[in-house]
Amino acid sequence: MQSLSPDQPRTSDRFQKTRARILDAAARLINDFGVRGLTFVAVGEAVGMNTTSITYYFRRKEQLAVAALEQAIDTLDQMILSAAEEPTPDARVSRLIRLRLDHSAAVRLGTQPMIAVLGDLRAIEEPERERLLKRYQVMIWRVGRFFGPMDDPLTSARRVAAGQVLLDVIHWMRAWLPQYDLGDFDRIHDRLMDLLRHGFATPGALWQSGPIAPWGPLDLTANADEDSQTAYLRAATVLINDRGYRGASVDEIAGLLKLSKGSFYHHMDSKDELVLNCFRTSYARLLQHQRDALGLTETYWGRLTACLASLLTIQFDGQFPFLRTTATQALPAELRDEVFRHSAHVAHRFAGMLSDGIAEGSVRAVDPVITSQCLLALINSSYDLQHWARRLPSADLAVEIYAATLAFGLFDERGC
């Protein structure tokens, strides 16, 4: 493909169409390999251009990554603004889910470009990182206002939680929608709306999780009861969650722990191995919490709520959270399959707990497969609301409000 010459106007149709093709290619590369895997060479191969020609549209790789992520934010923001025009909270949520499904269908049919996954926002350099994250925060507030005004702190907290969960349910759809045919999308909309309207609690059910200890100040320095490898995994998980793969350097991890850089390479061969081990550790801990909950002498409703409470407490506490699923983008393709298998194991166990609860009568009849994926989104997104949780009167209340969004539904007073 012949590139534009420098004297051609950047407002021309040809320029805009070529730029759109470059952004589409960049979004696909970010979704497959993360910002780390975005290169001008790979984009050029995808659109049939040399790297010099691409620099006419974007001078640096970082500019291209920012443009691709900003386009994704613009697309999602337009969906939110369109849904906000509906007359009721229920209609707004329904409209947003429908728009998300319609966009996924259009991408699959090739009539709309793919948008970049926003989980890699943290991998962007400052000051663009802060600007894009602020835009995303505004979107959470816009979705929170789907449910009504935020007149007081507790109401605001409930509605921010509802907005965060709804957005993450929509984001996480990318992980499981490919398993469904386009003909299933209407049913998916209806099953999702049933869950978001009514939750998976039976009528009259009460939240039960047991007492939750207050959170202390965040302290990631290595302690005497922790071996070096576990300390690295803990600190790396926090840094990757906060800054993305690129922002979590070996030097920073070692500095955070007040350990030497050499001790890292004594335990890990590479940074990729570190990320993979973070995932392995996270999923092993998730599965253990599920096993512990299954061992309780409770109904399946009680087991599910106890499990969710323990997982959300860990995320809000922040001392040793679970690694974000979005970090999979930073892993080489050959390592990602293992991570996806671990994620599937967690989802299948949640689906089994839900199915057994439905059979027992302690859980409302919901789609257990779709609901289990929404529970994964709930746990993954909760890490973002640590500051939100710490502003509430108690840890118990923070966990209950956040879990209520799916347990009782987005429109229940315990949710928003």
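The values are calculated or read from the model by the stated rules, or taken from the named source; none is laboratory data. In this text the structure is predicted, and so the values were computed from the model without any measurement. Glycine gets a Cβ as well: all are built from the backbone with ideal geometry, and neighbour counts include every protein chain shown.
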**Complete:** From the option list 36, 122, single residue qualifying as closer than 30 Å to residue 337 by Cβ, surrounded by fewer than 20 Cβ atoms within 10 Å (Cβ to Cβ), basic (Lys, Arg) and out of contact with any strand residue (DSSP E or B) (no Cβ under 6 Å at 6 or more places or on another chain) is 36
**Number of positions in region 360-414 that are modelled with pLDDT under 95, closer than 29 Å to residue 342 by Cβ and of a type in the set (Ser, Thr, Tyr)** = 3
**Item:** Selection from region 136-161 of residues that are buried (at least 16 other Cβ atoms within 10 Å of the Cβ), closer than 27 Å to residue 120 by Cβ and among the aliphatic types (A, V, I, L, M)
**Value:** 139, 140, 143, 160, 161
**Message:** Restricting to region 368-413, and then to whatever is under 15 Å from the mean Cα position of the chain (by Cα) and of a type in the set (A, V, I, L, M, F, W, C), can you tell me which residue is nearest to residue 302 (Cα to Cα)?
**Reply:** 375
**Asked** What do you reckon, is residue 310 in a helix (DSSP H, G or I), surrounded by 15 or more Cβ atoms within 10 Å (Cβ to Cβ) and in contact with a Pro (Cβ under 7 Å, 6 or more places away or on another chain)?
**Response** no
**Item:** Conditions (1) closer than 29 Å to residue 205 by Cα; (2) surrounded by 19 or more Cβ atoms within 10 Å (Cβ to Cβ): number failed by residue 281
**Value:** (1)
**Request:** Determine, yes or no, whether residue 186 is surrounded by fewer than 18 Cβ atoms within 10 Å (Cβ to Cβ), more than 22 Å from residue 383 (Cβ to Cβ) and of a type in the set (Asp, Glu).
**Result:** yes
**Fill in**
Those residues of region 58-93 which are out of contact with any Ser or Thr (no Cβ under 9 Å at 6 or more places or on another chain), closer than 21 Å to residue 140 by Cβ and touching a residue at least 60 places away in the same chain (Cβ under 8 Å) amount to 66, 69, 70, 73, 76, 77, 80, 81, 84, 89, 90, 93
**Message:** For the structure I just gave you, tell me whether residue 315 is polar (S, T, N, Q) and assigned to a helix (DSSP H, G or I).
**Reply:** yes
**Asked** Quick one: in region 34-80, which of the residues that are in a loop (DSSP other than H, G, I, E, B) and of a type in the set (Gly, Ala, Ser) is farthest from the chain's Cα centre (by Cα)?
**Response** 48
**Prompt:** Checking residue 12 against (1) crowded, with 19+ Cβ neighbours inside 10 Å; (2) farther than 27 Å from residue 185 by Cα, which test does it fail?
**Reply:** (1)
